[in-house]
Every structure is written in structure tokens, then in C-alpha cells.
Amino acid sequence: MQVRDSRQGYGIVSRTLHWAMALLFVLQFTSAMLHLLADESPAANMLWPWHFQVGFTLWWLVLLRGTWALLNFRNRPPHDGPGLLARAATAGHLALYGLMVIVPTLALLRAVGRGRGVQLYGIQWVGPGAEQPDLAAPANLAHGTLGWVLLSLIVGHVCFALWHGFVRRDGTLSRMWRRR
Ligand code: HEM
């Protein structure tokens with residue numbers, strides 16, 4: 001079993017992080033959608049409290065994944081296809097990484113700024129303190145909107161991956177699924 005990535009495919013660490021985060025994003029956007037469209041419904045009441053824990057988990061997972069991607073930077077499969085398409089894929093992946101970091105970071109800063117303390121996984125990470133409106137303001141302004149922008153990028157990413165896998169059949173999908 002290959003741990004690190006190579007020019008031919010992704011190793012087990014990258015693939016596990018990719019699919020674990022994909023599953024957690026399904027949960028995260030389901031809770032966000034219920035919050036927006038069916039707040040106070042039994043499903044929303046069940047899932048919404050998980051939004052904080054899952055969001056925090058996604059936050060540290062993306063930091064781990066970004067670090068791993070940088071460590072494997074020179075040994076990852078290249079983006080196939082004509083120059084413009086390959087550059088668009090690189091830009092799309094950078095935007096995905098950027099939003100995956102920014103969206104939960106804003107929410108965590110707001111949680112600190114509210115001054116009620118931050119308890120996640122049953123651990124008190126930040127104790128209660130004075131309210132800091134400046135920390136909460138960016139999330140009040142942009143957490144939800146940027147979250148929906150992130151969802152639209154993820155939908156685009158999935159569509160392109162399926163196009164590579166089933167129309168171009170160029171191995172792009174399978175190298176995140178199993179080693180080539
Ligand atoms: C990558 C992780 C996350 C994603 C993709 C995400 C996504 C979203 C989305 C799309 C909404 C809008 C729901 C609506 O329109 O009603 C939202 C709302 C919210 N999220 Fe998150 N979230 C994430 C992480 C977090 C974290 C870590 C926290 C708390 C520490 C959090 C707390 C909230 C709160 C309180 C709201 C409702 C107020 C608002 O819209 O700003 N989220 N989230």
C-alpha cells in the first residue's frame with residue numbers, strides 16, 4: 001500500500017482524507033440546508049447541533065490535508081488536458097482549498113467572539129470571556145454566503161470529475177479512487 005502520492009496516483013493518506021471530508025461535507029450541507037429551509041423541523045433539530053462539531057472537524061482536516069498536499073507537491077498526478085483546462089482545474093482546486101479554510105475559520109472566530117466560550121468534542125477549548133464583536137462580524141457577514149459559494153464549487157468539482165471518469169475516461173477519477 002502506497003502512503004505518499006506519486007505522479008501515477010494518490011496514496012492512501014490523500015484518498016482517505018478526500019473521501020472522509022466528502023462524507024462530512026454531505027452532512028454539513030444537509031444541516032445547513034435544513035437550517036435555511038426547514039428550521040425547527042425534527043430533522044433540523046437533530047442535525048443542526050452537529051453543524052458545529054462537523055464544521056470544526058472539517059476545519060482541522062483541511063489544514064491536515066493542505067499540509068499533506070504541500071509535502072507531496074512535486075509528486076502528485078498532473079492535471080491532464082489542454083493548457084487552459086489544466087490551469088482552470090488548478091485555479092478551481094485553489095479556490096476549493098481557500099474556501100474550505102476560510103468558511104469554518106470565520107465561524108470559529110465568531111464562536112470565540114461571542115464570549116460564551118467554545119466547547120467542542122466535550123473539551124472546553126476557549127473559556128467564557130468578554131464579547132468581541134470584531135471577531136464575530138466577518139462570519140455574520142459572510143459565513144453563510146461563502147458556505148453556499150463553496151457548495152457550488154463542490155458541485156462543479158463533482159461534475160468535472162464525473163465528466164473525466166465517464167466521458168473522457170482518462171483515469172482522473174480512478175486515481176482518487178484506487179492507485180493506478
Ligand atoms: C466547512 C465547514 C462549514 C460549512 C461548509 C458551513 C456551511 C454553512 C452554511 C452554508 C450556512 C448557511 C445556512 C443558512 O443559510 O441558513 C451556515 C450557517 C451557520 N454556520 Fe456553518 N459551515 C461550516 C462550519 C461551521 C462551524 C465550524 C461553525 C461553528 C463553530 C458554524 C456555525 C454556523 C452558524 C452559527 C450558522 C448560522 C448563522 C450564519 O449563517 O452565519 N459553521 N454554515
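Any residue at all in the range 11-20 that's of a type in the set (F, W, Y), modelled with pLDDT of 95 or more and in contact with a Ser or Thr (Cβ under 9 Å, 6 or more places away or on another chain)? Looking through the range 11-20, none of the residues is of a type in the set (F, W, Y), modelled with pLDDT of 95 or more and in contact with a Ser or Thr (Cβ under 9 Å, 6 or more places away or on another chain).
For the range 76-90, residues that are of a type outside the set (S, T, N, Q) and either open to solvent by 60 Å² or more (accessible area, probe 1.4 Å) or not in a loop (DSSP other than H, G, I, E, B) (or both) total 9. Out of curiosity, is R116 part of a helix (DSSP H, G or I) and either more than 9 Å from the ligand (Cβ to nearest atom) or open to solvent by 40 Å² or more (accessible area, probe 1.4 Å) (or both)? Spelling it out, it is not the case that R116 is part of a helix (DSSP H, G or I) and either more than 9 Å from the ligand (Cβ to nearest atom) or open to solvent by 40 Å² or more (accessible area, probe 1.4 Å) (or both).
For the criterion of being open to solvent by 80 Å² or more (accessible area, probe 1.4 Å), touching a Ser or Thr at 6+ places or on another chain (Cβ under 8 Å), within 15 Å of the ligand (Cβ to nearest atom) and at pLDDT 95 or above, W59 fails. Within the set R116, R87, the sole residue that is modelled with pLDDT under 95 and either touching a helix residue (DSSP H, G or I) at 6+ places or on another chain (Cβ under 6 Å) or within 30 Å of F160 (Cβ to Cβ) (or both) turns out to be R87.
For the range 62-89, the set of residues classified as under 17 Å from the mean Cα position of the chain (by Cα) and more than 16 Å from the ligand (Cβ to nearest atom) consists of T67, W68, A69, L70, A89, listed by residue number.
Give me the residue from the range 40-52 that is within 21 Å of R110 (Cα to Cα) and either open to solvent by 80 Å² or more (accessible area, probe 1.4 Å) or within 14 Å of the chain's Cα centre (by Cα) (or both) and, out of that set, farthest from the ligand (Cβ to nearest atom). Filtering first and then ranking leaves W50.
Scanning the range 140-180 for residues that are at pLDDT 90 or above, small (G, A, S) and farther than 15 Å from L85 by Cβ yields A142, G144, G147, S152, G165. Applying the condition of being in contact (Cβ under 8 Å) with a residue 12 or more places away in the chain, within 21 Å of the chain's Cα centre (by Cα) and more than 13 Å from the ligand (Cβ to nearest atom) to the range 119-163 and asking which residue is most open to solvent (accessible area, probe 1.4 Å) yields F160.
The values are calculated or read from the model by the stated rules, or taken from the named source; none is laboratory data. In this text the structure is predicted, and so the values were computed from the model without any measurement. Quick reminder, even Gly has a Cβ in these numbers, built from the backbone with ideal geometry, and neighbours come from all protein chains shown. Each accessible area value is taken on the protein alone, full model and side chains, heavy atoms only, with ligands, DNA and RNA left out. Shrake-Rupley method; radii C 1.70, N 1.55, O 1.52, S 1.80 Å.
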